[in-house]
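Everything below concerns the one structure shown next.
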Amino acid sequence: MAEKKVIIPVTGMTCANCARNIERAVKKAPGIKEAAVNFATEQANVSFDTEQAGIMEIAEKIQDAGYGIATAHVEVPVTGMTCANCAMTIERTLKKKVPGVVNASVNFASERASIKYIPTIATMDDMITAIEKAGYGAIRPDESVEPMDTELAARQEEIRNQTRKFLVGVLFTAPLFALSMGRDFGLIGAWAYATSVNWLFWGLATPVQFYTGWDYYTGGWKSLKNGSANMDVLVAMGSSVAYFYSLAVLLFPVLGQHVYFETSAVIITLIKLGKMLESRTKGRTGGAIRKLMGLRPKTATILVDGKEEEIPLSQVKVGDHVIVRPGEAIPVDGVILEGESSVDESMLTGEPIPVDKNPGQSIAAGTINGEGRLKFEARKVGKDTALARIIRMVQEAQGSKAPIQALADRVAAIFVPGVIGIAFLTFILWWAVGGQFVPVMIRMVAVLVIACPCGLGLATPTAIMAGTGKGAERGILFKNSEALELATKLDAIVLDKTGTITLGKPSVGEVIALNPVVKDENELLRLAASVEKGSEHPVGRSLVEEAEKREMPLVEPRGFKASRGLGVMAEVDGRRVVVGKPGWFAEIGLSLDQAIGKIKALQDQGKTVMAVGVDGKPAGVLYPFEFLPGYLRHLHPILAALAMAVSSITVVSNSLRLYRAKVK
């Protein structure tokens, strides 16, 4: 009898009676020696006989009692997989060999193991050791290097390895294939039929068989050792039959005269070509994650004893005072202590207009600081930041399995044994019909090699990775791959606050001249765009882009001055031009009474209005906007309004239909 003690973190307890309820529930499981639940620490200390009970049985008893188990989640990059069956082998190993692993999902396309585990029982070392014992590799992130950089380096090495083996295969297979086919079709002289030429074929085929193709032998052995069979088994069997039969003919001429070394070499080289292309494809699948991670700076500037010190991002702690200069990305989530600025939060909200930030307001990692210097207190760092949660959501979605993928995995699990059975059946039937070994062998090899369950197991997860990754690039996040699959069945989408669904980039809507101080709207736009020519503000850039689109000659502003978050002023063509928020004009002594009605009407429509003053007088207003989809922007305004109205009616009618269906 082997006794084991574990500590299981429990959630959902509200009083000491809850602890007793859990104790009674756990003790009902066979093999439980002792169970003590501490309400204060929310932990269950359980001693049990490992031959009669397991951790998962204990966890199920706790959950059956109505409580939860606190679990952690980790993404472990895995190397050495060759097909979907390898992924299933690692899943089984983690679930069965690592106590405390609640669930494990291995994505062959992204080569990542998504593991849910009880942190008080399972450790990272336990999980990595189990993966390595199963015959695969697990990437241990280096704390001094970004985990994604470490993984990318490993992926690049895998690509180089596959490329190197493929090139070696081509180097030896090309002359072998040319000589062999030339001899078979009588294209070369009688010298090609000498025994020495067969030995040359053997010399060319052997490096391909045991260098280029060695991965298939090791992969097949790992698979069989873990109680399953993957594609490597088929390739190794098919190529080995052709190679070793040819070697036997070479050693024992009584068996025949014709050798098939080129068959085994071509099989291995062509499949290695597929592996090389596959590894390159998978190397690009993490692009969306890397782009999201690229939003974070690698270092942060913190205050230590009143002095600024630049440290790696991983070393920032909660409570540190962080300094962010104009134009820099904010490294962690926090609350502003000193400074004022406008922050571009479009990566989080999709809104193109920067948000003014003052002391006491929160800021998020990955957003971009505008013109001002900010000092803030770090509140959430590392995996707790909003950006890290978004990255984790994308990773979990890419690592999760859609229902169709689960079906593909089940089919792939029986596919290889089925193909092997069909190959032997082919051998027996053709032997019974013809009785000649060579034709029978060729047909059996064809069945073994042409069958490739790898495509079955790779297509679905790769499609999921591509879909979730492309969605993340465009600001659309899927909670999991099941949601992505179910999205194909949608026939109605209800959107809230449709006026804020933007393309994430402002553009100029309407330019309105209100004073004879400028002759027309074009003159108003030219003056305003010239002032904003050196601005980094998205709204300012939209004015410049619109003026350039209209081919207006802009001039360099003189005496440029910016009021952070309010507006800018400068001299253009000898005229003093002011561009900014309407509320700022009163502060600088410039009345907008003539335009107040138009400004309020536009603001009531949710538009961001900017006022323009020239030579101390209000000259006009303009508003950047981007609330319509791109294809509607180019329609006539009446058609655009009609399209939006039809869209709104459709949304309302579908909402009512869904409500009636729910009531029924």
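Restricting Lys96, Lys27, Lys33, Lys61 to those that are modelled with pLDDT of 85 or more and crowded, with 19+ Cβ neighbours inside 10 Å reduces the list to Lys61. When the residues of the range 124-170 are narrowed to those that are of a type in the set (Val, Ile, Thr) and modelled with pLDDT of 90 or more, which ends up surrounded by the most Cβ atoms within 10 Å (Cβ to Cβ)? Among those residues, the one meeting the criterion is Ile131.
For the range 366-379, a residue qualifies if it is of a type in the set (Lys, Arg) and either modelled with pLDDT under 90 or in contact with a Lys or Arg (Cβ under 7 Å, 6 or more places away or on another chain) (or both), and exactly one does: Arg373.
When only residues in the range 242-257 that are aliphatic (A, V, I, L, M) and over 17 Å from Val440 (Cβ atoms) count, which is least open to solvent (accessible area, probe 1.4 Å)? Filtering first and then ranking leaves Leu250.
Quick one: would you say Ile353 is without any contact (Cβ under 8 Å) to a residue 24 or more places away in the chain and either surrounded by 14 or more Cβ atoms within 10 Å (Cβ to Cβ) or assigned to a loop (DSSP other than H, G, I, E, B) (or both)? No. Residues in the range 589-610: is at least one touching a strand residue (DSSP E or B) at 6+ places or on another chain (Cβ under 6 Å), open to solvent by 30 Å² or more (accessible area, probe 1.4 Å), modelled with pLDDT of 80 or more and of a type in the set (D, E, K, R)? Looking through the range 589-610, none of the residues is touching a strand residue (DSSP E or B) at 6+ places or on another chain (Cβ under 6 Å), open to solvent by 30 Å² or more (accessible area, probe 1.4 Å), modelled with pLDDT of 80 or more and of a type in the set (D, E, K, R). Looking only at the range 563-593, residues that are in a loop (DSSP other than H, G, I, E, B) and under 41 Å from the mean Cα position of the chain (by Cα) come to 4 in all. Quickly run through the range 111-123 and pick out the residues that are modelled with pLDDT of 80 or more and in a loop (DSSP other than H, G, I, E, B). Once the filter is applied, which keeps residues that are modelled with pLDDT of 80 or more and in a loop (DSSP other than H, G, I, E, B), the range 111-123 yields Glu111, Ile118, Ile121, Ala122.
Arg280 satisfies every condition listed in (1) surrounded by fewer than 18 Cβ atoms within 10 Å (Cβ to Cβ); (2) among the charged types (D, E, K, R); (3) touching an Asp or Glu at 6+ places or on another chain (Cβ under 9 Å) except (3). Could you count how many residues in the range 502-515 are over 28 Å from Met347 (Cα atoms) and modelled with pLDDT under 75? Count: 2.
Here is a list: Ile391, Ile363, Ile336, Ile414. Which entry is surrounded by 17 or more Cβ atoms within 10 Å (Cβ to Cβ) and at pLDDT below 85?
Details: Ile363 fails: at pLDDT below 85; Ile336 fails: at pLDDT below 85; Ile414 fails: surrounded by 17 or more Cβ atoms within 10 Å (Cβ to Cβ).
Matching residue, one of Ile391, Ile363, Ile336, Ile414: Ile391.
Just one residue in the set Ala205, Ala242, Ala192 is in a helix (DSSP H, G or I), without any contact (Cβ under 8 Å) to a residue 60 or more places away in the chain, over 19 Å from Thr82 (Cα atoms) and among the hydrophobic types (A, V, I, L, M, F, W, C); that residue is Ala192.
When you look at Ala547, is it among the small types (Gly, Ala, Ser) and open to solvent by 60 Å² or more (accessible area, probe 1.4 Å), yes or no?
On the way: among the small types (Gly, Ala, Ser): yes; open to solvent by 60 Å² or more (accessible area, probe 1.4 Å): no.
Considered against the rule, which asks whether it is among the small types (Gly, Ala, Ser) and open to solvent by 60 Å² or more (accessible area, probe 1.4 Å), Ala547 comes out as no.
Since Ile118 meets every condition but one in (1) among the β-branched types (Val, Ile, Thr); (2) open to solvent by less than 10 Å² (accessible area, probe 1.4 Å); (3) more than 26 Å from Val394 (Cβ to Cβ), which condition does it not meet? Failed condition: (3).
Being among the polar types (S, T, N, Q), farther than 18 Å from Asn161 by Cβ and modelled with pLDDT of 85 or more is the requirement here; does Ser223 meet it?
Values: among the polar types (S, T, N, Q): yes; farther than 18 Å from Asn161 by Cβ: yes; modelled with pLDDT of 85 or more: no.
Considered against the rule, which asks whether it is among the polar types (S, T, N, Q), farther than 18 Å from Asn161 by Cβ and modelled with pLDDT of 85 or more, Ser223 comes out as no.
Annotation: Met644 fulfils all but one of (1) modelled with pLDDT of 50 or more; (2) within 42 Å of the chain's Cα centre (by Cα); (3) surrounded by 16 or more Cβ atoms within 10 Å (Cβ to Cβ); (4) more than 16 Å from Leu514 (Cβ to Cβ); the unmet one is (1).
Kindly indicate whether Lys581 is within 20 Å of Glu371 (Cβ to Cβ), basic (Lys, Arg) and either open to solvent by 30 Å² or more (accessible area, probe 1.4 Å) or touching a residue at least 40 places away in the same chain (Cβ under 8 Å) (or both).
Values: within 20 Å of Glu371 (Cβ to Cβ): yes; basic (Lys, Arg): yes; either open to solvent by 30 Å² or more (accessible area, probe 1.4 Å) or touching a residue at least 40 places away in the same chain (Cβ under 8 Å) (or both): yes.
In short, yes.
The values are calculated or read from the model by the stated rules, or taken from the named source; none is laboratory data. Please read these numbers as outputs of a predicted model, since none were measured by experiment. All Cβ positions, even for glycine, are placed from backbone atoms using ideal geometry, and neighbour counts span all protein chains on display. With ligands, DNA and RNA removed, areas are computed over all heavy atoms of the protein, side chains included. Shrake-Rupley method; radii C 1.70, N 1.55, O 1.52, S 1.80 Å.
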